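Undergrad: Handing you this structure, nothing more for now.
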Amino acid sequence: MNRSDVCLGSHVAQNSGKRAMNQINLSRVDLNLLVVFNAVAGSMSVTRAAENLFISQPAVSHSLNRLRLLLDDPLFVSGKGGLALTIRAMDLVQPVKEILASVERVIAPVSFDPLATTRTFRIGASEYAALTILPDLIGALHRGAPLASFEFLTIGSNILDQLAGGELDLTFWGTAAPKAPFRSTELFRETHVAVIDAGHALANKAKRAAVTLDEYLSFPHLRINYADTILSPTDLALAELGRKRNVAVATANLAGRALSLKGTSLIATLPRRVVESYENKALVTFPLPFKVTELAYYMVWHARGESDPASVWLRRMVFETTAGLRETNSSPSRRTR
């Protein structure tokens, strides 16, 4: 090994040692030391710096001594008429101001103005939500945040992954609310009713809410095969009674299904609010002749958005817009998890 190799190796070792020391020193830095330095550099007086920081003069001196030791530089020396900055301190003034300004931005309260935001909000919504919640919600959101964008996405089996990954701000949810790290608020309760064509053989009894269980089961049925996020309790309730529907037609769609009953002997069992959205006089609705558990409908979001002002605004808008749906609950309640 020649002399140049030794010198080069020594130089590399010294630089590596300095980098390691800088990393260690960074972990020892007290942000308050920079606050004190900024105050003294700004006033060029320990006394005035103490007054501006509302701490004692000895406390300022103690902090300066700690920073001098950390930086291995006196920072301030006696000069004509008071203190003077060392060359090292002069180089620090502007970077320290920028660091403190950045810290202030980080810890400052986050503000949100819905009238000015251009944020894109993404909401998971099933067909049920599209028929019952979105008609009022879309207009309310646009009026509340006219410059923002709102995307309503079809929900599937990966909905929780989408919430966890930040792909969705919230989703509507029709089964038992998921546990942590997810949060939920019950929006309203849903019941199911039976629907038939106005010319159906049971129409007169249906208008008097006098249809029996045997009569209900004696006709063919149109069944909605719900997605995983919305359970139909109809077949479960019948199974508990040891009974079963004769399903002649099965479909995965809610929209317009009741309208397809025209001229048939089919009976459809649908969410009450969906049926009400049709407003069709050619249909007759009657209560189910057996007890069916109400469906709790939720708004669900990930814990990461719990305190985000924009997300809080969005959830408040949803909750306020669905107030009318809660008022029609047969057993109204509100729960937050």
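Undergrad: For Phe150, list long-range residues whose amide hydrogen, built 1.01 Å from N in the peptide plane, is under 5 Å from its own amide hydrogen.
TA: Under 5 Å from the amide H of Phe150 lie the amide H atoms of Phe121, each far enough along the sequence or on another chain.
Undergrad: If packing is taken as the average number of other Cβ atoms within 10 Å across a peptide's residues, how do 204-214, 261-271 rank, most packed first?
TA: Ranked by mean Cβ neighbours within 10 Å, highest first: 261-271, 204-214.
Undergrad: Output wanted: per-residue J couplings in Hz (rounded whole) for region 70-78, from phi through Karplus 6.51 cos²θ - 1.76 cosθ + 1.60, θ = phi - 60°, x for Gly and Pro.
TA: Calculated HN-Hα couplings, in order: 5, 9, 6, 7, x, 6, 10, 10, 5 Hz.
Undergrad: Given contacts defined as C-alpha pairs under 8 Å and at least six residues apart, what's the relative contact order of the chain, whole-number percent?
TA: 21
Undergrad: Starting from the Cα of Lys179, draw a straight line to each of the lysines and keep only those under 30 Å, dropping any in the same chain fewer than 8 residues away.
TA: Lys291
Undergrad: So what J values fall out for region 29-44 if you push phi through Karplus, 6.51 cos²θ - 1.76 cosθ + 1.60 with θ = phi - 60°, rounded to Hz, Gly and Pro as x?
TA: 6, 9, 4, 5, 5, 5, 5, 5, 4, 4, 5, 5, 5, x, 9, 6
Undergrad: Moving on to the next point. Among all the aspartates and glutamates, which ones have a C-alpha under 18 Å from Lys281's C-alpha, if same-chain residues fewer than 8 places away are not counted?
TA: Asp197
Undergrad: Something else: Tell me, what is the Rg over Rh of the chain, with Rh the Kirkwood radius over Cα pairs?
TA: With Rh from the inverse mean 1/r over Cα pairs, Rg/Rh is 1.31.
Undergrad: Kindly provide the Kirkwood hydrodynamic radius of region 192-287 in Å, to one decimal, from all pairs of distinct alpha carbon atoms.
TA: When all Cα pairs of region 192-287 are included, the Kirkwood radius is 13.5 Å.
Undergrad: Which whole-angstrom value gives the distance between the alpha carbon centres of region 96-138 and region 257-324?
TA: If we compute the Cα centre of each part, the gap is 26 Å.
Undergrad: Still on this model: For region 107-113, in order, what is each residue's ³J(HN,Hα) by Karplus, 6.51 cos²θ - 1.76 cosθ + 1.60 with θ = phi - 60°, in whole Hz (x at glycine and Pro)?
TA: Per residue, the Karplus-derived 3J(HN,Hα) values read 8, 5, x, 7, 9, 9, 10 Hz.
Every read-out reported here was derived from the displayed coordinates using simple, explicitly stated rules and does not represent laboratory data. What you see is a predicted model, and the numbers here were worked out from it, not measured in a lab. No Cβ is skipped: glycine too gets one built from the backbone with ideal geometry, and neighbour counts run over all protein chains shown.
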